[in-house]
1. Only one residue in 59, 55 is surrounded by 10 or more Cβ atoms within 10 Å (Cβ to Cβ), β-branched (Val, Ile, Thr) and touching a residue at least 12 places away in the same chain (Cβ under 8 Å), so which one is that?
2. Say whether the condition of being modelled with pLDDT under 95, out of contact with any helix residue (DSSP H, G or I) (no Cβ under 9 Å at 6 or more places or on another chain) and on the phi > 0 side of the Ramachandran plot is met by at least one residue in segment 32-52.
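The values are calculated or read from the model by the stated rules, or taken from the named source; none is laboratory data. Fair warning: this is a prediction, and the values are worked out from it, not measured in the lab. When we count neighbours, we look across all protein chains shown, and the Cβ atoms used for this are built from the backbone with ideal geometry, even at glycine.
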Amino acid sequence: MSERTEKLKAQISKDEAKVSKLQEEVKTKKEKLKELENAEIMNNLNALSAQGMAVSEIVEAIRCNNLDVLMSLMSDQEKQNDKSGTGSAFSEIKEEKTNE
């Protein structure tokens, strides 16, 4: 074959190797993104749980697309917060310091 065709084949091979490497990098970054998103979700769920919310019931309502149950759970939590003051330990400490 001619020198031009050999050179073009070599360039194609190099480009294919670059594309393959980039695809692997994208795959790795997508996996890392998913891990970070899951960690954020878990942090949010833990924060809700720390505030005394029924996290498992909330997650189940979301999973079943049951807006009525979800809204009921949220309104129940608001009622409990009204009765107990604030609902979160941080808010209670802040409230205590403010009242001193």
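1. The unique qualifying residue is 59.
2. No, the conditions are met nowhere in segment 32-52.
One line per residue, one yes/no per condition, for (1) more than 24 Å from the chain's Cα centre (by Cα); (2) modelled with pLDDT of 90 or more; (3) loosely packed, with under 10 Cβ neighbours inside 10 Å; (4) of a type in the set (A, V, I, L, M, F, W, C):
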{"site": "9", "(1), (2), (3), (4)": "yes, yes, no, no"}
{"site": "15", "(1), (2), (3), (4)": "yes, yes, no, no"}
{"site": "23", "(1), (2), (3), (4)": "no, yes, no, no"}
{"site": "30", "(1), (2), (3), (4)": "no, yes, no, no"}
{"site": "66", "(1), (2), (3), (4)": "no, no, no, no"}
{"site": "73", "(1), (2), (3), (4)": "no, no, no, yes"}
{"site": "82", "(1), (2), (3), (4)": "yes, no, no, no"}
{"site": "85", "(1), (2), (3), (4)": "yes, no, no, no"}
{"site": "92", "(1), (2), (3), (4)": "yes, no, no, no"}
